[in-house]
Amino acid sequence: MKETQAVIERITRLNEYYQRLHLAVEDFITEIKPGHSFLARMLPERWDPYLREHWWPVAVSPNSIVIERPGSIRYEPGQIVSLIGLVGEPFRYKRTLRNVLLVAYDTAPTPLVMSIPALIGNGISVTLVLAGEAAQYPTSHLPPEAEVLHADTELNWPNRVMTVGWADQIFVAVKADDELGHFAHVWKIFRELRAEIPKTYLFGVFQPIQPCGVGACHACMIPLRGSEPCLICTDGPAVDLTTVKLD
Ligand code: FES
């Protein structure tokens, strides 16, 4: 875990809801993998009652990191940002992976986006389901090989049973207001679609508030079945939902 400074080189708009910050930065470039994130604060630092923001990288080039942010926040080229990272562990994919289902349920798919080109580049099929509020996310910038489906607020989409049966692993992001409650709802839906949910099949991608990012404050603790709770900042963000105490 280290802190570094990055400069916003340019800003690109995806639509009115999403923008991308292209950060010139020297650190982290070779280490970032899908699942990693940062704790960020704009500089120069002034007294600020709020915690650092949780920023998700969506792409990396030899000299820059691309971060996706809500379109409603104003940024300017030349602004400097302090980044603490890398937070979290990379997503744990199965070795025999052929098909992956990514689901953004009433939230931005941003934590899942970096994995799409990485998986496709390894010959793995990717389907991205945008449900409810996630429909605001534009998709024209995504690799054309990725299949994009739209679902309603109850996670219904065409050929749902087939898509779920075909997936070797599923990664789901939900709205942050009540993650355990939303994941419990997701679990119930998938339990109705499959007789059994095996281990390392259905992962929740958690995005709790993270004051420290290093396992010191325990604010990001998630209850597990039959074992000690886990900390999302050090063990997450993706947690196998078969291990999470959802009820
Ligand atoms: S954010 Fe402090 S322990 Fe995870």
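A quick yes/no check of all residues on (1) of a type in the set (Ser, Thr, Tyr); (2) part of a strand (DSSP E or B); (3) under 22 Å from Tyr201 (Cβ atoms):
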| residue | (1), (2), (3) |
| --- | --- |
| Thr139 | yes, no, no |
| Glu145 | no, no, no |
| Thr153 | yes, no, no |
| Asn156 | no, no, yes |
| Thr163 | yes, no, yes |
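Residue count for segment 198-222 satisfying the condition of being touching a residue at least 40 places away in the same chain (Cβ under 8 Å) and not aromatic (Phe, Trp, Tyr): 13.
Could you list all residues from segment 107-122 that are at pLDDT below 95 and not in a helix (DSSP H, G or I)? Result: Asn122, single match.
Name the residue that is farthest from the chain's Cα centre (by Cα), counting only residues in segment 216-233 that are surrounded by 16 or more Cβ atoms within 10 Å (Cβ to Cβ), within 7 Å of the ligand (Cβ to nearest atom) and not aliphatic (A, V, I, L, M). The extreme case among them is Cys220. Restricting Ala195, Ala184, Ala134 to residues that are of a type in the set (Gly, Ala, Ser), surrounded by fewer than 13 Cβ atoms within 10 Å (Cβ to Cβ) and either closer than 30 Å to Ile84 by Cβ or away from the ligand (no atom under 16 Å from the Cβ) (or both) narrows the list to Ala195.
The one condition from (1) in a strand (DSSP E or B); (2) at pLDDT below 95; (3) exposed (fewer than 13 other Cβ atoms within 10 Å of the Cβ) that Thr12 does not meet is (2). When restricted to residues that are touching a Leu at 6+ places or on another chain (Cβ under 7 Å) and without any contact (Cβ under 8 Å) to a residue 12 or more places away in the chain, segment 131-152 contains 0.
Please go through segment 158-193 and pick out each residue that is among the polar types (S, T, N, Q) and in contact (Cβ under 8 Å) with a residue 24 or more places away in the chain. Show your work before the answer.
First, the residues of segment 158-193 that are among the polar types (S, T, N, Q): 159, 163, 169.
Across segment 158-193, the qualifying residues are Thr163, Gln169.
In the condition set (1) without any contact (Cβ under 8 Å) to a residue 40 or more places away in the chain; (2) of a type in the set (A, V, I, L, M, F, W, C); (3) surrounded by fewer than 18 Cβ atoms within 10 Å (Cβ to Cβ), Leu128 is compliant with all but (3). You will find that of Ala104, Ala59, Ala24, the residue that is in contact (Cβ under 8 Å) with a residue 12 or more places away in the chain and in the same structural domain as Thr200 (by TED's automatic domain parsing) is Ala104 and no other. Every test in (1) at pLDDT below 95; (2) at negative phi is passed by Val7 save one, and that test is (1). Taken together, the criteria place Val239 among residues that are in contact (Cβ under 8 Å) with a residue 12 or more places away in the chain and either out of contact with any helix residue (DSSP H, G or I) (no Cβ under 9 Å at 6 or more places or on another chain) or within 16 Å of the ligand (Cβ to nearest atom) (or both).
Of the residues Gly85, Gly35, the single one that is closer than 21 Å to Val205 by Cα, in contact with a strand residue (DSSP E or B) (Cβ under 9 Å, 6 or more places away or on another chain) and part of a loop (DSSP other than H, G, I, E, B) is Gly35. The numbered conditions (1) in contact (Cβ under 8 Å) with a residue 40 or more places away in the chain; (2) within 16 Å of the chain's Cα centre (by Cα) are all true for Leu155 except (2).
The values are calculated or read from the model by the stated rules, or taken from the named source; none is laboratory data. These numbers come from a predicted model, not from an experiment. Every residue, glycine among them, receives a Cβ derived from its backbone with ideal geometry; neighbour counts consider all protein chains shown.
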